[in-house]
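FYI, it's all coordinate maths here, none of it is from the lab. This one's a predicted model, so the numbers in the text were calculated from it and none came from an experiment. As a convention, Cβ positions derive from the backbone with ideal geometry for all residues, glycine included, and neighbour counts pool all protein chains shown.
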Ligand SMILES: [Zn+2]
């Protein structure tokens with residue numbers, strides 16, 4: 001399959017590799033499909049490198065949106081913010097004040113991150129479709145970071161207010177393990193936080209789009 005080129009700048013919603021095939025037969029259509037755990041994007045052979053980059057990003061974003069629509073309705077950004085406020089209220093006495101919570105497709109190495117100075121939280125779109133208690137646990141982790149940097153005793157004491165944290169971590173470790181990633185996650189901490197990653201994931205799926 002030497003007609004397939006690995007596109008290095010982008011990964012799929014579950015960390016899938018993105019492979020690009022240039023097709024001499026294609027004139028104006030671009031397609032994305034899942035194959036053997038990879039995302040396969042076919043583009044016209046006449047595309048420039050710049051067009052290729054643009055379309056790869058566009059098609060992956062579109063696939064993410066399409067798959068997100070199939071996930072439970074509670075998972076819009078507004079619903080995420082509501083969920084964050086509920087979690088803060090229930091487990092932190094309402095002390096953490098998130099200003100926004102959004103899904104991010106740019107976090108393939110982390111489950112979540114936050115910016116304490118402005119109260120924004122981002123969750124990896126890889127969490128979409130995972131059980132509620134898992135999403136809430138990552139949310140809780142980020143909410144605690146709005147109050148406490150790092151993972152010291154104070155952080156652990158606050159996390160202990162969320163009773164399902166350990167169970168959720170086990171779930172996330174299992175996800176990482178099944179994708180051959182180090183369990184526990186390789187958290188890439190910069191005062192903010194995160195963990196884990198992904199790879200593979202089948203489910204036949206196809207999206208076609210007309211290039212212009
Ligand atoms: Zn953290």
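Worth a mention:
- Computed on segment 73-178, the Cα convex hull volume stands at 98 Å³ per residue.
- Dividing the radius of gyration of the alpha carbons in segment 32-96 by their Kirkwood radius gives 1.25 for Rg/Rh.
- The residue 154 and residue 65 beta-carbon pair, evaluated with R₀ = 25 Å, returns a calculated FRET efficiency of approximately 0.05.
- Peptide ranges 109-115, 43-49, 97-103 listed from the most packed, as the mean C-beta count within 10 angstrom indicates: 109-115, 97-103, 43-49
- Stretching the chain fully between residue 25 and residue 106 yields a gain of 25.9 nm (0.36 nm per residue, less the alpha carbon separation).
- Approximating the spin labels as points 7 Å out from Cα along Cα→Cβ, the residue 36-to-residue 167 distance works out to 3.9 nm.
- The label point for residue 8 and the one for residue 133, both projected 7 Å from the Cα toward the Cβ, are 4.2 nm apart.
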